[in-house]
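The structure appears right after this line, and notes come after that.
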């Protein structure tokens with residue numbers, strides 16, 4: 001190879017390297033935000049209980065599972081019968097929860113795609129955002145129903161212990 005061709009090749013490589021380096025931040029801007037792609041089932045819905053329980057999630061089907069919010073604090077020890085009942089409750093809600101999680105994920109992907117499209121349509125964006133909000137609302141309601149059903153499974157002593165250990169109380173044995 002002649003020196004002239006080698007020199008041109010080096011210049012071309014340098015120009016391409018600079019172009020790629022300049023494009024990298026822009027390509028990151030086109031990537032979904034981590035919080036949008038986080039496991040929807042376990043995001044902000046878990047915050048209130050996570051504060052009560054030191055931010056820990058329990059085993060699937062009992063306090064939490066598949067990234068979902070914990071149903072009960074870890075200091076509540078359940079009988080085998082109670083664990084079976086909680087498993088049944090979660091299992092019964094799984095199809096509805098899955099449908100809403102998929103709907104939310106799809107709406108977020110559609111909204112991101114629309115936001116990055118040449119032909120952005122505000123009305124369409126509002127429709128998609130409303131669909132996402134509705135799915136998110138349904139997910140929160142499913143979680144609330146599950147927590148209420150889990151609380152109903154507890155004995156009076158277990159319920160009292162939860163009341164004593166709520167955030168803001170001075171209980172130390174939680």
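The values are calculated or read from the model by the stated rules, or taken from the named source; none is laboratory data. If you're wondering where the values come from, they're calculated on a predicted model, not measured in any experiment. Positions of Cβ are generated from backbone atoms using ideal geometry, with glycine treated the same way; all protein chains shown enter the neighbour counts.
One line per residue, one yes/no per condition, for (1) part of a loop (DSSP other than H, G, I, E, B); (2) at pLDDT 50 or above:
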residue: 55; (1), (2): yes, no
residue: 58; (1), (2): yes, no
residue: 61; (1), (2): yes, no
residue: 73; (1), (2): yes, yes
residue: 76; (1), (2): yes, yes
residue: 89; (1), (2): no, yes
residue: 96; (1), (2): no, yes
**Prompt:** Of the conditions (1) over 17 Å from the mean Cα position of the chain (by Cα); (2) modelled with pLDDT of 95 or more, residue 107 fails just one. Which one is it?
**Reply:** (1)
**Fill in**
The correct count of residues that are closer than 30 Å to residue 88 by Cβ and outside any helix (DSSP H, G or I) in the range 108-166 is 4
